[in-house]
Amino acid sequence: LSHHNISTVTRKKNCKVSGSHVSYLENEVRSSLKLQRTLVQTLPDGSLQATPKELLYEFCTKLKPSKLGIMQVGWGGNNGSTVTAGIVANREGICWETCKGMEEPNLFGSLSQHGTLRLGITSDGTDVFVPFKSLLPLVEPKDIVLGGWDISSYNLAEAMDRAQILEPDLKRKLRPLLESMKPLPGIFDEEFIAKNQLPRADNVIQTKNKAQQVEIIRQDIRKFKQQHMLDFVVVIWTANSERYSVELSGVNDTAENLLNAISSNHKEVSPSTLYAVASILEGCPYVNGSPQNTLVPGCIQLAEENQVFIVGDDFKSGQTKMKSVLVDYLVGSGMKVESMVTYNHLGNNDMFQLTDGEMWKPKSAAKSRVIEDIVGSNGTLYKEDEMPDHVVVVRYVSSYGDSKSDVSEYVTRTFMNCPYRTVMYNNCLDSALCAPLIIDLAIFIELFHRVSYRTSDMKAFAPMHPVLSALSFYMKIPRTPVGEPHVNALQRQRACIENLFRALVGLNGEDNLFLETKFP
Ligand code: NAD
């Protein structure tokens, strides 16, 4: 083998896997694969025993992507308007002038559009990488139909101006295409949002009756689907962070109690839970992009009963994502992170909203929890219940707008307790980090909706579990089905998506062993 092997990314559109365990039929691809998991038991003497167990899985993935619609709650916000502007600019091929010259639209930051995975190796030892979408057909972003709700009446062109994110020439060209997009009236409950948002709430559903509010949202979804002849709609919460709703037995603990609480207009059912319930009852997956407890136990049960996907909580886009990479590197290399002190400052509307202490609580909790599994994975460095000293400071600085800066200092102990200090500074527009995540979530959810599976003890094929933990990569506090641990480490989360894609076309998970050369 050459010593100068180059990794190549194929730009060819499709690739197919051959073998007796994979079959490409007219409308679906079927694969069967032995997947291994390792069961660990504690023996009477306290030692651990690990037993690998093989399970045979069959997968069936429909090949034709649905006609997809995304309904964003908070469509007129910074994220909502940036997602919309980005999709329209890409669809129409709109270029724009800046002081440095012409810029072209793209979807950088999106795994579904620009992520690649290693397919395998050629006979001359060249690694071959392919885009995710060359293994299985995905919805094209240009084909996505956008809609949604906002408590502010600004149309999407006005919302894009208010967000102060895109360049003037681009906004001028997008304006005629976005002006006709107008958010539907939203559910407004001043109990769950900061008082400083009251001035923008001029587009609200006129009834305070929660059952009627759910009914209106359900009708909106149905109309949107019919009007655009959509097969599949994903509802994504990208409205402001709410305060926590109080979890009460008899109110939001079971699906039945939650539906009854909505009928009796119980004050602890939040607007976001009402949107989630309406989506689930319409069979539409729901993503909770903020940290509040929208997905109360009753809501999760409702999703399970109706077999509708839910994904939560809080988009993992900026500093938190960095943290889940950096701490993974440090702890993963056998070093002890002693303290992490992180500062964020930004000046967008959601940050303004978070200056209210009650709204800040869920965000603070979400930002603080992202390293638990990484630290917990290393009992040689940390005693039980020991955690790094972790401080999260976030400040509102109006003049920064959507531009988010974060500065952080990590103090780690390495060999012979020597301190290893890391200082990091990041700056990016908050919405530029988040928009590709919103697009990916909808595109991957649409794919997983086309997947069914069967193990040797199942007669019929069944859909994936409604709590869609496969997309934990995108969330700060990933929701998982009962019995599945939370994974925050970013590379493990990415490997989950990658290996799932591979399994669906009959390829084993990536092991990075290069057995063929190490053991020739
Ligand atoms: P934003 O304030 O610009 O937009 C939110 C929009 O939601 C506003 O237009 C507001 O009018 C609307 N809204 C509020 N309550 C509503 C309701 N009940 N129904 C309908 N519309 C409602 O905020 P943003 O910067 O676009 O962020 C959106 C959300 O995404 C926030 O909750 C934020 O915490 C979360 N988030 C963002 C990022 C990121 O941008 N990088 C990362 C993680 C989480």
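Can you say whether N512 is on the phi > 0 side of the Ramachandran plot and modelled with pLDDT under 95, as far as the supplied structure shows? Considered against the rule, which asks whether it is on the phi > 0 side of the Ramachandran plot and modelled with pLDDT under 95, N512 comes out as yes. Given the condition within 11 Å of the ligand (Cβ to nearest atom) and either modelled with pLDDT of 95 or more or among the aliphatic types (A, V, I, L, M) (or both), answer yes or no: does some residue in the stretch 217-229 qualify? Yes - at least one qualifying residue is present in the stretch 217-229. The residue that is surrounded by the fewest Cβ atoms within 10 Å (Cβ to Cβ), counting only those in the stretch 317-347 that are more than 15 Å from C428 (Cβ to Cβ) and small (G, A, S), is S333. Of all residues in the stretch 303-316, exactly one satisfies the criterion of being surrounded by 24 or more Cβ atoms within 10 Å (Cβ to Cβ) and farther than 15 Å from T480 by Cβ, namely F315. Counting only strands (runs of 3 or more DSSP E) that fall entirely inside the stretch 398-474 and contain at least 1 residues that are without any contact (Cβ under 8 Å) to a residue 24 or more places away in the chain and of a type in the set (D, E, K, R), the qualifying elements are 418-429. Kindly indicate whether L119 is more than 16 Å from the ligand (Cβ to nearest atom) and either closer than 28 Å to G283 by Cα or of a type in the set (G, A, S) (or both). No. Where helices (runs of 4 or more DSSP H) fall wholly inside the stretch 286-387, the ranges with 3 or more residues that are among the small types (G, A, S) are 357-368.
Of the residues making up the stretch 409-437, those that are farther than 24 Å from F108 by Cβ and either under 21 Å from the mean Cα position of the chain (by Cα) or among the polar types (S, T, N, Q) (or both) are T412, T414, N417, T422.
From (1) within 13 Å of D169 (Cβ to Cβ); (2) in a loop (DSSP other than H, G, I, E, B), pick out the condition that doesn't hold for K64. Exception for K64: condition (1). Contact annotation: residue pairs with Cβ atoms under 8 Å, 6 or more positions apart or on different chains, pairing a residue in the stretch 134-155 that is touching a residue at least 12 places away in the same chain (Cβ under 8 Å) and of a type in the set (D, E) with a partner that is part of a strand (DSSP E or B) and away from the ligand (no atom under 16 Å from the Cβ), are D143/L68.
Looking across the stretch 351-368, the residues that are closer than 24 Å to N488 by Cα, within 12 Å of the ligand (Cβ to nearest atom) and not aliphatic (A, V, I, L, M) come down to W360, P362, K363, S364, K367.
Results for (1) among the hydroxyl-bearing types (S, T, Y); (2) more than 30 Å from V139 (Cα to Cα), shown as yes or no for each residue.
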site	(1), (2)
K383	no, yes
Y396	yes, yes
V407	no, yes
T414	yes, yes
L429	no, no
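For E158, the criteria (1) within 16 Å of the ligand (Cβ to nearest atom); (2) in a strand (DSSP E or B) hold in every case but one, which is (2).
Residues satisfying the criterion are present in the stretch 123-132 (criterion: more than 12 Å from the ligand (Cβ to nearest atom) and of a type in the set (D, E, K, R)).
The values are calculated or read from the model by the stated rules, or taken from the named source; none is laboratory data. Here the structure is a predicted model, which means the values were calculated and not measured. Methodologically, a virtual Cβ is constructed for each residue, glycine included, from the backbone with ideal geometry; neighbour enumeration extends over all protein chains shown.
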